[in-house]
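Comments concern the structure below.
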Amino acid sequence: MSGYVEGILVILLLNVIFAYAVYWPLAAGQLNLGVAGFVGIGAYVSAYASNEFGIPPYIACVGAGFVAFALALVIAVPVLRTKGIYLALATFAFGQVLQSLFLNLEIVGGAAGYPVISYIGVGGIAVCTAAVFLITAFLDRTRFGLNMVAVHDDEAVSDLFGINVRAYQALAFALGAGFAGFGGALYGHHFSYIEPQNYSILFSISIVLFVLLGGTQTVVGPLVGAAFFTLLPEVLRGSEEWRYAIFAVCIIVIMIPRPQGLITSDQLSALRQFLVRDRLREERHG
Amino acid sequence: MLEQQLINGLMLGGIYVLVAVAFTLTIGILNFLNFSIPGIFMLSGVFTWFLLKSGVHWALALAGAIAIGAAASFVVERFTYRWMRSSDHYVPLVSSMGFLILFENLVLVQWGSDLQRVVTPFADLNIRPGSLVISIPQLVSLVLAVCLVAGLQQLLQRTQMGRALRAIAENATTAEILGIGVVSLVPAVFVIGGLFAALGGMLFALNYQQVHPFMGEEVALKGISAMVIGGMGNVWGSVLGGLLIGIVEVLSIHFLNADFVDFTVYGLLLLILFFKPTGLLGASKIVREKF
């Protein structure tokens, strides 16, 4: 595998993890614009743990994911007092505060950044991404996922049916943050350097963009969105300076016919029905 | 020189006010966080620089820059809100963000990413009461910002169009049933918002004398915070929030250091959201009449 292809592949894999970090809160109807902050938490915690205490990198990464998860559970208490656009803005503000903390924390290098000694290769990241995808796909098919959809569609009715709405919202938020932290930890260990400037609102927004573009109704939507966002600018690389302009036009044009994203649940169930019908017909004739 | 810092903060706040008003209009009336606003702010700033540089008379150059911003905002409406008004509140955010990326990269392709120096005809106009320095263009900007907000308030309160817009803000479907031309009024919201953002961009270019393709982002984030702190959907709230953020920003540079600006400004935003999510200018008022 050439260095170029490997580089793209790593970015793609990490973007898929980040996409699921945004997917879970969105599945419960929350727009998290502070993902970058949790990604940063994961990166710094894991790097500090493996640098200073010699903890093996994979354990440090998973641990950092749990730290981000726990922090999100704590912060969810005040953040979830807000709703809709206010919630999005509260997470935005929280992400900005975290970023300025990273920039000012001298113990991890402040604005100059923080080097990471141990290394995780592309194979390890691929396994971790697969794990995140499988966990998401599994949870989505359990009662947990079903309740999440109910909370997204109608909070009041879900409440009436005995679903603990607040708990599900907090869990969705924290689960997303946990994935974000895990992804951030892997990022730091692969690129061997953490720059606080990376964890800006623009990073959060671009992840949200690819999840919304892929579609939030299904588990594959974020995967498609992440692939689209990572690969399209590379495909357009031939057109050099125009590529991001063309890319932007693609986003605008796609959203007009498909405001719910590229992949919707109707589409998937139509596909499933189509396949099932074929099989039934075969059985009847055969 | 605390007094001088306070003056600088107010002047900076004047720009935030204009951007916050642009955001608050689309949020208040359409419940849509319009992320193309930083792009429109930037377009107008960059065109101020370009038109002044190419020797156009300053009055024409400034009018041209604002017209371009408003026109861009009109185009944004055609391709975003018009198509997605029945979807979740965060869906049109994607395509408005697409426009921000598009505008930034078009300017990047045309003029590159360098910081461009704006040569303005009013650079050295100052008044000096005592030891203070007040730049006249900045003072004019601030006064203009407040006057325009007052004008907008009158437009929303007293005219037929304002009444129609408030009805849409209350409930777009009911407004449509009652015979309000929602489809024809929404572009007006975008153009008015675009005018405010464009004016902000133009004044920023004139006052701080530098433009670049990404100048809108930082200012827009402060503008959004100003909107929330003042009270979303409330135009006077935007004024209060904008000026407050300008002052907080300048004071945290003065007393702490430049690295702490984001910490104090967004920390303040977070606290407001936790304890008074409806902003400083009261909840009941917004709920009852929204403006």
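The values are calculated or read from the model by the stated rules, or taken from the named source; none is laboratory data. Every value quoted in this text rests on a predicted model; they were computed, and no experiment measured them. Every residue, glycine among them, receives a Cβ derived from its backbone with ideal geometry; neighbour counts consider all protein chains shown.
Filter segment A:77-135 down to the residues that are within 14 Å of chain B (Cβ to nearest Cβ) and either farther than 28 Å from B:Ile224 by Cα or among the charged types (D, E, K, R) (or both) and list them by number.
Step one: list which residues in segment A:77-135 are within 14 Å of chain B (Cβ to nearest Cβ), which gives A:77-106, A:109-112.
Scanning segment A:77-135 gives A:Arg81, A:Lys83, A:Glu106, A:Gly109, A:Ala112.
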query = Residues in segment A:190-206 that are aliphatic (A, V, I, L, M) and more than 12 Å from every other protein chain (Cβ to nearest Cβ): how many?
reply = 1
task = Scan segment A:150-164 for residues that are surrounded by 13 or more Cβ atoms within 10 Å (Cβ to Cβ) and over 19 Å from A:Thr216 (Cα atoms) and jot them down.
result = A:Ser158, A:Asp159, A:Ile163, A:Asn164
query = Using beta carbons and a limit of 9 Å, which pairs, at least six apart or on different chains, have the first residue in segment B:253-268 and within 8 Å of another protein chain (Cβ to nearest Cβ) and the second one part of a loop (DSSP other than H, G, I, E, B) and surrounded by fewer than 19 Cβ atoms within 10 Å (Cβ to Cβ)?
reply = B:Phe263/B:Leu256
query = Quick one: which helices (runs of 4 or more DSSP H) sit completely within segment B:76-187 and have at least 1 residues that are away from chain A (no Cβ under 14 Å), at pLDDT 85 or above and on the phi < 0 side of the Ramachandran plot?
reply = B:136-158, B:160-170, B:172-177
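Of the residues A:Leu223, A:Leu212, which is crowded, with 18+ Cβ neighbours inside 10 Å and within 11 Å of chain B (Cβ to nearest Cβ)? Don't jump to the end; show me each part of the working.
Values: A:Leu223 fails: within 11 Å of chain B (Cβ to nearest Cβ).
Result: A:Leu212 is the single residue among A:Leu223, A:Leu212 that is crowded, with 18+ Cβ neighbours inside 10 Å and within 11 Å of chain B (Cβ to nearest Cβ).
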query = Hey, any hits in segment B:216-234 for a residue that's surrounded by fewer than 24 Cβ atoms within 10 Å (Cβ to Cβ), more than 14 Å from chain A (Cβ to nearest Cβ) and at pLDDT below 90?
reply = no
inquiry  = Just the residues that are within 16 Å of the chain's Cα centre (by Cα) and of a type outside the set (A, V, I, L, M, F, W, C), please, taken from segment B:32-80.
reply    = B:Asn34, B:Ser36, B:Pro38, B:Gly39, B:Ser44, B:Gly45, B:Gly69, B:Ser73
message = Looking at A:Ala88, A:Ala93, A:Ala111 in this structure, which one is in contact (Cβ under 8 Å) with a residue 24 or more places away in the chain and farther than 21 Å from B:Asp259 by Cβ?
response = A:Ala88
ask   = Does B:Ala205 fit the bill of being more than 12 Å from the chain's Cα centre (by Cα), hydrophobic (A, V, I, L, M, F, W, C), at pLDDT below 85 and assigned to a helix (DSSP H, G or I)?
value = no
ask   = Which residues, counting only those in segment B:224-246, are over 20 Å from B:Phe275 (Cβ atoms) and more than 14 Å from the chain's Cα centre (by Cα)?
value = none
task = May I ask you to list pairs of residues, at least six apart or on different chains, whose Cβ atoms are under 6 Å apart, with the first in segment A:255-275 being away from chain B (no Cβ under 11 Å) and assigned to a helix (DSSP H, G or I) and the second being surrounded by 11 or more Cβ atoms within 10 Å (Cβ to Cβ) and of a type in the set (Ser, Thr, Tyr)?
result = A:Ser265/A:Thr218; A:Leu268/A:Thr218
